[in-house]
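The values are calculated or read from the model by the stated rules, or taken from the named source; none is laboratory data. These figures come from a predicted structure and were not determined experimentally. Ideal geometry is used to build each Cβ from the backbone, glycine not excepted, and the neighbour counts take in all protein chains shown.
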Amino acid sequence: MNNSVRNTARLMWAGLRALLVLTVLCGVAYPLVVTGVAQAAFHDKANGSEVSSHGKVVGSSLLGQRYDKGTDKDGNPIPDLRFFQPRPSAGLGSNKTNGVNTQYDLKVSGASNLGATNTDLVKAVKERKKWVAETYRVAESKVPADAVTSSGSGLDPDISPEYATLQVNRVAEENKVPPAKVAQLVKAHTEGRQLGFMGESRVNVLELNIALKDLVNGEGGKG
């Protein structure tokens, strides 16, 4: 009986020591090492790829956001055309479509899950295409796909160079700055394919709009 108790106590003590050692190694030491390496080697990415403007964090380069100036009487967001608009964001929650981004809500990241033949999706795409064409004064045939479709996450921070270029004249007009200077900003913020062959060329909307605001302020506008 005594041997049984001693053996049980010995096993429990061994288990407790193993628990303590593994807790220190896996719960304290390992996280500290990984965090230290991440902060030293990948400081920007480890902290959420934050984007700052004049010393203030204004967003993340990995997450899209809205640029509107309130809502209309039906609750639809009114886009602020002084800024470049991102692609639509369907999300997983309720969606009031007015042709541009409608949510960009981190809590409901996701796609609409509507198929290509879904009548609601087809209708929404047609409405968005019409809005983009009328707003930026181009033929509907010139409207790029990313201007009328949302991404899988609904939080895409980038648009195509084609969509950014399409918005140049209207953005310049709204801000009262030369279109050529706005076009230069788009060109400067256009990133090529990753490693030269993966993905597509893209323009980060947040970073572009920060540069635009600086340009407008430099031109004497209100930014």
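Here is how the numbers come out for the structure above:
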| read-out | value |
| --- | --- |
| Residues satisfying the stated conditions in the stretch 198-221, i.e. among the polar types (S, T, N, Q), assigned to a helix (DSSP H, G or I) and surrounded by fewer than 21 Cβ atoms within 10 Å (Cβ to Cβ) | 217 |
| Residues located in the stretch 128-152, provided they are among the hydrophobic types (A, V, I, L, M, F, W, C), crowded, with 18+ Cβ neighbours inside 10 Å and part of a loop (DSSP other than H, G, I, E, B) | 143, 148 |
| Qualifying residue in the stretch 41-58 (condition: at positive phi, touching a residue at least 60 places away in the same chain (Cβ under 8 Å), in the same structural domain as residue 182 (by TED's automatic domain parsing) and of a type in the set (Gly, Ala, Ser)) | no |
| Tally, over the stretch 61-75, of residues that are touching an Asp or Glu at 6+ places or on another chain (Cβ under 6 Å) and assigned to a strand (DSSP E or B) | 2 |
| Candidate set from the stretch 7-54 (those that are outside any helix (DSSP H, G or I) and among the polar types (S, T, N, Q)); member that is surrounded by the fewest Cβ atoms within 10 Å (Cβ to Cβ) | 52 |
| Total residues in the stretch 158-197, condition surrounded by fewer than 14 Cβ atoms within 10 Å (Cβ to Cβ) and under 19 Å from residue 64 (Cβ atoms) | 1 |
| Any hit, the stretch 58-68, residues being out of contact with any Pro (no Cβ under 8 Å at 6 or more places or on another chain) and either under 30 Å from residue 190 (Cα atoms) or not aliphatic (A, V, I, L, M) (or both) | yes |
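Residues checked against (1) within 25 Å of residue 57 (Cα to Cα); (2) touching a His at 6+ places or on another chain (Cβ under 7 Å):
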{"residue": "165", "(1), (2)": "no, no"}
{"residue": "168", "(1), (2)": "no, no"}
{"residue": "171", "(1), (2)": "yes, no"}
{"residue": "182", "(1), (2)": "yes, no"}
{"residue": "189", "(1), (2)": "yes, no"}
{"residue": "194", "(1), (2)": "no, no"}
{"residue": "202", "(1), (2)": "yes, no"}
{"residue": "211", "(1), (2)": "yes, yes"}
{"residue": "217", "(1), (2)": "yes, no"}
